[in-house]
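Here the structure is laid out as structure tokens; the discussion comes afterwards.
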Amino acid sequence: DSKWINAFRVVRTFFLVNIGFVFFRADSMKSALQMLGYSVRVFNLKDLFSAAIFELGLDWIEFVIAVVSLLILLAVSILQNRGIRVREAIARRKLPVRWLIFYALLFYTILLGYYGPGYSAAEFIYQGF
């Protein structure tokens, strides 16, 4: 298949999964449809690159963490799409490089993870169900 077909499939899957998340998170079917309608009617690309994005509940450091995390996921996804198995690629590296990667991921999770008072793993996983 061509690169364009593969890119289309990735984008299509991304949108379908995100639409599914809206239905999963919404209180009712009506609420989900209202959210989807609102996101299409009110969407403004300029808001993604202005301070308006911080009115959605994230501060700047949380936004940076989210963007970096998404870029890591995108990089791994692209490598896997090209047939590169990331775990095997890391395993082929010399021991110091492997440990550097593992420690970097560990500290990224520990230092930038969401923990502390008021955090409930069950609430995060089940989102109120």
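Restricting things to alpha carbons, find the Rg to Rh ratio for segment 1-43 using the Kirkwood radius for Rh.
With Rg and the Kirkwood Rh in hand, the quotient comes to 1.14.
Mind jotting down the distance between the C-alpha centroids of segment 65-90 and segment 2-20, whole Å?
Value for the Cα centre distance between the two parts: 17 Å.
Mind jotting down the three principal axis lengths of the chain based on Cα atoms? Whole angstrom, largest first.
The Cα atoms of the chain stretch 54, 49, 33 Å along their principal axes.
Shape of segment 40-103 from its Cα gyration tensor (a ≥ b ≥ c, root eigenvalues): rounded if a/c is under 1.5, otherwise prolate when a/b > b/c, or oblate?
Cα axes put segment 40-103 in the oblate bin.
Here, each number is a calculation from the coordinates, and none is a lab measurement. All of these numbers come straight from a predicted model, not from anything done at the bench.
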